[in-house]
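The values are calculated or read from the model by the stated rules, or taken from the named source; none is laboratory data. Quantities reported herein were computed from a predicted structural model and do not represent experimental measurements. Cβ placement follows ideal geometry from the backbone for every residue including glycine, while neighbour counts extend to all protein chains displayed. Ligands, DNA and RNA are excluded from the accessible area calculation, which covers all protein heavy atoms including side chains. Shrake-Rupley method; radii C 1.70, N 1.55, O 1.52, S 1.80 Å.
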Amino acid sequence: MSEIRHDWNLGEIRALFDLPFNDLLFRAHTLHREYHDPNGVQISSLLSIKTGACPEDCSYCSQSARNETELERETLMPLNEVLEAAQAAQDNGASRFCMGAAWRNPTDKNLDKVIEMIQGVKALGLQSCVTLGMLSDKQAERLREAGLDYYNHNLDTSPEFYGNVITTRVYQDRLDTLKHVRDAGINVCSGGILGMGESSTDRASMLQQLANMPIHPESVPINLLVQVEGTPLHGSEELDPIEFIRSIAVARILMPRSDVRLSAGRTEMSDEMQALCFFAGANSIFYGERLLTTDNAGTNHDQQLFQRLGLHATEIEEDPQDHACGSHLIQQAQQAQQQ
Ligand code: SAM
Ligand code: DTB
Ligand code: SF4
């Protein structure tokens, strides 16, 4: 097995970005095959359980109270509606159900309600994921006790560019939340957004932050900015698709064992671009008609794409924190048999 590193310097990561495209993709894809089923894709579905009126000022987000978007604010969704949506996601083939709330952080009372949702989702046989904003160590513990599988909390961008995007909380707040999640023993889902006007060095720096964590996030969502009218980032210059694919490849090389999720923004990507992302190491998607508040690639379209590319949904595997994925175990067993 190739070595897993946690000591990447920025120059090394920039050098990966600068490789000829074919060399970069070859290297990323070779590692991808070493650690993952090359044709397997993990499928998550999203639901916004509390929408809009968020006190934070994230300049990409439709849900910030400061952004003049056309979103209707909603209160926390009732448990039965959440479970109906989870059941529908499972019937459509999702293995993980991710619930998102437009909070700066959950109150303890909110958390009681979310815990009921997590327990209900798990009882259906789905993996559970929530993204609720900042968490204290005690709140992370409570979520772990409730059986939460993944907590999503993105770094969003590099420490250097961060102040251009969000001013109501600092980068260290995000790192602290991620530490609380990790220490509680919950799988970490953390990535960022590309196409917000950041430089290529910012993209390298964000990936460096993720790759140099003592344990890599088990799941790394790479979002392409969804440009929402009424947000400050609406009208940002479009990112070159080749640069996006390169970023996926670099994420794969830096974090070979992690699931790299081709996240928001797929509606703007051609099938060919998505195919290259899968080749470069993406092995997870959000599936379903909606993301949180915006449209996702349609399920019919995704089913056709999977068929055209010979991709399949992966089954729920053993706990990724055991640091051995299914294809590894099969490989090890095959090697043992040959000896
Ligand atoms: N309020 C919580 C928080 O910010 O941590 C959870 C929900 S928030 C919507 C989750 C993540 O979705 C953000 O951190 C960001 O990375 C991503 N996101 C939100 N709006 C987006 C957009 N317009 N385009 C791409 N990604 C977006
Ligand atoms: C992540 O990295 N992307 C998802 C999920 N984690 C919560 C959210 C994407 C949101 C896209 C814009 C919207 O639908 O509001
Ligand atoms: Fe609120 Fe999360 Fe949107 Fe930021 S990304 S405005 S914290 S919902």
Notebook entry, point to check: What residue among SER199, SER190, SER270 has the largest mean-square fluctuation in a Gaussian network model of the chain, using Cα springs under 10 Å?
Noted result: SER270
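Using 1/(1 + (r/R0)^6) with R0 = 22 angstrom and r between the beta carbons of THR267 and SER200, what's the FRET efficiency to the nearest 0.05?
According to the calculation, E is roughly 0.35.
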Next item on the list: Just the ratio, please: alpha-carbon radius of gyration of segment 1-142 over 2.2 N^0.38 Å, N its number of residues.
Entry: 1.36
Check: If the chain between GLU70 and GLU116 were fully stretched, how many nm would it gain, using 0.36 nm times the residue separation less the Cα-Cα distance?
Finding: 13.5 nm
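Just how many pairs of Lys in the chain have C-alpha atoms closer than 20 Å, counting pairs that are eight or more places apart or on different chains?
7
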Notebook entry, point to check: Looking at segment 71-106, which GluC sites (Glu not before Pro) are in a loop (DSSP not H, G, I, E or B) and have at most 16 other Cβ atoms within 10 Å?
Noted result: GLU72, GLU74
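For segment 229-297, what is the accessible area per residue in Å², given a 1.4 Å probe and the full set of protein chains?
36 Å²
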Notebook entry, point to check: At a 1.4 Å probe, what is the % contribution of carbon and sulfur to the accessible area of the chain?
Noted result: 48 percent
Check: Net charge near LEU311, counting Lys/Arg +1 and Asp/Glu -1 over other residues with Cβ under 12 Å of its Cβ?
Finding: -2
Margin query: What does the C-alpha gyration tensor say about the overall shape of segment 35-105? Classify as rounded when a/c is under 1.5, otherwise prolate if a/b is larger than b/c, or oblate.
Written below: oblate
Check: GNM, the chain, Cα, under 10 Å: largest mean-square fluctuation among VAL260, VAL130, VAL228?
Finding: VAL228
Item checked: Per residue value of the accessible surface for segment 1-153 (all protein chains in place, 1.4 Å probe), Å² -> 46 Å²
Check: Once the other residues with Cβ under 11 Å from the Cβ of TYR151 are scored (Lys, Arg +1; Asp, Glu -1), what is the net sum?
Finding: 0
Next item on the list: Classify the chain as rounded, prolate or oblate from the Cα gyration tensor: take a ≥ b ≥ c as the square roots of its eigenvalues, call it rounded if a/c is under 1.5, otherwise prolate when a/b beats b/c and oblate if not.
Entry: rounded
Check: Hey, what number do you get for the chain at 222 nm if only DSSP H runs of n ≥ 4 count, each worth -39500 (n - 2.57), divided across all residues, to the nearest 500?
Finding: -12500 deg cm²/dmol
Check: For ASP18 and GLU84, what is the calculated FRET efficiency with R₀ set at 35 Å and r taken between the beta-carbons, to the nearest 0.05?
Finding: 0.10
Checklist line | Extension gain from GLU34 to LEU309, taking 0.36 nm per residue of separation minus the Cα-Cα distance | finding: 97.0 nm
Note to self: Classify segment 199-313 from the C-alpha gyration tensor, please: rounded if a/c falls under 1.5, else prolate or oblate depending on whether a/b exceeds b/c.
What the structure shows: oblate
Check: Among THR157, THR201, THR167, which one moves the most in a GNM of the chain with springs linking Cα atoms closer than 10 Å?
Finding: THR167
Note to self: I'd like the distance separating the alpha-carbon centroids of segment 134-165 and segment 228-253, in whole Å.
What the structure shows: 22 Å
Check: Taking Cα pairs under 8 Å and at least six residues apart, what relative contact order does the chain come out at, in percent?
Finding: 24 percent
